[in-house]
Every structure is written in structure tokens, then in C-alpha cells.
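Trainee: Let me give you the structure first, and then I'll get to my questions.
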């Protein structure tokens, strides 16, 4: 188990990558790309502070809601109806499986609040907190996003764990 202060270290990244792959294997959804999960983080950490590494990672990886929020932000002035095609494409590109596996494996490496995927889903999607953190997802696709996440949790057999 790693503390919050230790999450910027190579040993944490390696343990997280192993836990992520083990979780994917246990859920019978492992793919070759999972060997490279979060691979950029230790390299970015060589020359950037961890907060910046985390921010870059979350905005550029499809398994984090920040990626979707960042994509939707460019439609700030548009109504949901006007951009429905783009929103649907981003929802299709979002890596729900990667997000759920990331959430599920965290209790193997994090010592504070080690939630499983289902509990993290409930925590993340508590509407007021979500609305504040992800205003564009809330505006354009909150229901579809939350339904797709829950369907993935169920498909992976993690809803009762």
C-alpha cells in the first residue's frame, strides 16, 4: 500500500500497472495495450512536478473523465442539441473499461480510501460534486456517461464486489 505522497514514485506506478493488469486478467478483458497503462507518468515525472504530470495524464487519457470534459469544453457556447453528434462520438471513444479497471485496482495500491469500482462510481457520480467538477459532461451527457459506466461495471461483474 502506498500513501498519497508515494504516488509520484516509480514503485507506485509499477505496482499500479501490475494491479491494473491483474484486475483486467481477473475480469477476463485483458488486452495488449494494458501493458502500457499510464506508461507516460514515470517519464514525465523525470522533469515535471507530479501535480502537472497528473493533470497532463488525466486530460490526455481516455480512461479519465477529465479527457471527456476537455473534449466537450470546446463546445462551451453550443446547445446540447447542436453538438449531439460530436458528444456521441466522444462518448464512444471514452475508455469505460479502462476507467472501471483503474477504479477497481486502486484498492491494491492506495492506502487512503481504497474504494472498489462500484463505490468509486457512486462517489464520483454524486451529482452535486460531479456537476461542480465536470460541468460540460453534466451539460451534454451526464445520463449517457453514467449509464455507460454502470453497464461496464455490470459487464465486468464488479457491481456486487
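Trainee: Might you let me know whether segment 8-29 holds any residue that is in contact (Cβ under 8 Å) with a residue 12 or more places away in the chain, within 16 Å of residue 102 (Cβ to Cβ) and not in a helix (DSSP H, G or I)?
Mentor: Scanning segment 8-29 turns up at least one residue that is in contact (Cβ under 8 Å) with a residue 12 or more places away in the chain, within 16 Å of residue 102 (Cβ to Cβ) and not in a helix (DSSP H, G or I).
Trainee: Would you mind stating whether residue 58 is farther than 24 Å from residue 154 by Cβ and in contact with a helix residue (DSSP H, G or I) (Cβ under 8 Å, 6 or more places away or on another chain)?
Mentor: yes
Trainee: State all residues of segment 125-144 that are surrounded by 13 or more Cβ atoms within 10 Å (Cβ to Cβ) and not in a loop (DSSP other than H, G, I, E, B); if no residue qualifies, say none.
Mentor: 130, 131, 133, 135, 136, 137, 138, 139, 140, 141, 142, 144
Trainee: Give the number of residues within segment 79-124 that are modelled with pLDDT of 95 or more, more than 16 Å from residue 141 (Cα to Cα) and either in contact with a strand residue (DSSP E or B) (Cβ under 7 Å, 6 or more places away or on another chain) or surrounded by fewer than 19 Cβ atoms within 10 Å (Cβ to Cβ) (or both).
Mentor: Of the residues in that region, 1 qualify.
Trainee: Just for segment 43-71: of the residues that are crowded, with 17+ Cβ neighbours inside 10 Å and over 24 Å from residue 125 (Cβ atoms), which one is modelled with the lowest pLDDT?
Mentor: Looking at the filtered set, the residue picked out is 45.
The values are calculated or read from the model by the stated rules, or taken from the named source; none is laboratory data. Because the structure is a prediction, the values reported are computed rather than measured. A quick note on method: Cβ atoms are made from the backbone with ideal geometry, for glycine too, and the neighbour counts reach across all protein chains shown.
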